[in-house]
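This report refers to the structure that appears directly beneath it.
Bear in mind these aren't lab numbers, they're just calculated from the coordinates by the rules spelled out. Here the structure is a predicted model, which is why all the values come from computation and not from measurement. Here the Cβ positions follow ideal geometry from the backbone for every residue, glycine too, while neighbour counts run over all protein chains shown.
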Amino acid sequence: MNQHFAIAIHGGAGTILRSTMTPTLQAAYEKGLQDAIDAGYSILTQGGSSVDAVAAAIVMLEDCPMFNAGKGAVFNHVGGHEMDAAIMNGANIAAGAVAGVRNVKNPILLAKTIMLHSPHVLMTGIGAETYARTQDIAFADDAYFYTQQRFDQWQDALLTDSVQLDHSEKKFGTVGAVAIDTDGNIAAGTSTGGMTNKQFGRVGDSPIIGAGTYANNNTCGISCTGHGELFMRAVVAYDISCLMEYKGLSLQDACQLVVYDKLVKIEGEGGLIAIDRHANIALPFNSEGMYRGYKKSDGSGEVKIYKD
């Protein structure tokens, strides 16, 4: 049994500035992040699986209206909410994912159910929703997903006919978690409402295995947040795993190369959270800030928003 266990989470990256953040708002974001860490960490301390810890942490973030996933999901161009999510088990590289689902209260739980109980990896739209109803997955009406802030952002975007990366100041509001449990198994998960005013039917990197989400016990677990189109084109999550597996890079070095070099060259803004089989954690981002945090079995941990 591996005595080292840990969890890391993110609540999105982008142009997050102190100048636009009030102390009350910052405290609320930090509490949301800490609650998610605690939910996942408590499962790990009891010998629970990394998959369950990742799912529990993400459910907390989906239920918090401050993050662009679940309850706080942004509006698409036609005024609806289309959500994506994925989860992966590094022990057997099993994965489950959903894209473009509506009214599913916790998309990460649907992704987990697909991984555990269906022969498929990725299900979309009405088909995924129909399957969810056979699996007793909770649904919520449109009013549950309505927040004034998200509605105002959508109205602003409609006026300029722009696709906005969550906030008008360019924030990638995906949420995610990575963890390693006492058995040494790694898991990763990601959930998002996508881009404000996105084209109906648009899918980002979050539910794409290897792009926004990846886990492999031999290397690492990765959850990304950023400009999804570029993260897909760069196959970011799998690229970091490959650099570790085939080139022998450390987690830190692999993340450094992908986030600060390869992504920057194609103007791919954002960040990711990563964990390896030794419970090392990396939280790199090339944007102004990233909502992030972690907690390790050695007692270390933190919650941060800005670069310093």
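Consider the candidate values (i) 81, 49, 36; (ii) 63, 51, 37; (iii) 53, 46, 36; state which one is Cα extents along the principal axes in Å computed from the structure displayed.
For Cα extents along the principal axes in Å, the calculated option is (iii).
If we count other beta carbons within 10 Å of each Cβ, what is the order of SER49, SER223, SER250, SER241, fewest first?
Fewest-to-most ranking of SER49, SER223, SER250, SER241: SER250, SER49, SER241, SER223.
Figure the gain on full extension for PHE151 and ASP38 (residue separation times 0.36 nm, minus the Cα-Cα span) and round it to one decimal in nm.
Full-extension gain reported as 37.7 nm.
Under a 5 Å amide H to amide H cut-off, with H placed in plane at 1.01 Å, what residues pair with ALA69 once short-range neighbours are removed?
Those qualifying (amide H under 5 Å, at least 5 residues apart or on another chain) are GLY193.
Quick query: amide H of TYR214 versus all other amide H atoms, modeled in the peptide plane; which residues come in under 5 Å with a sequence gap of 5 or more or a different chain?
The answer is ILE222.
Express the relative contact order of the chain as a whole percentage, based on alpha carbon pairs under 8 Å and six or more residues apart in sequence.
Dividing the mean separation by the residue count of the chain yields 26 percent.
Quick one: order TYR291, TYR246, TYR131 by neighbouring beta-carbon count within 10 Å, fewest to most.
With the fewest neighbours first, TYR291, TYR246, TYR131 line up as TYR246, TYR131, TYR291.
Please sort through the DSSP H helices of the chain and keep those with an alpha-carbon extent of at least 18 Å along the long axis and a Kyte-Doolittle average not below -0.5.
23-45, 50-63
Just in the range 91-147: which trypsin sites (Lys or Arg not before Pro) are loop by DSSP and have at most 15 other Cβ atoms within 10 Å?
Sparse-neighbourhood loop trypsin sites (Lys or Arg not before Pro): none present.
Full extension from TYR260 to GLU30: what is 0.36 nm times the residue separation minus their Cα-Cα distance, to one decimal in nm?
Working: separation 230, 0.36 × 230 = 82.80 nm, distance 2.55 nm.
So the extension gain works out to 80.3 nm.
Please order TYR146, TYR238 by the number of other Cβ within 10 Å, starting at the fewest.
Details: TYR146 14, TYR238 19.
Taking fewest neighbouring Cβ atoms as first place, the list is TYR146, TYR238.
Which value, in debye to the nearest 20, gives the size of the charge dipole of the chain about its Cα centre, when Lys and Arg are +1 and Asp and Glu are -1 at the Cβ?
Once rounded to the nearest 20, the dipole reads 140 debye.
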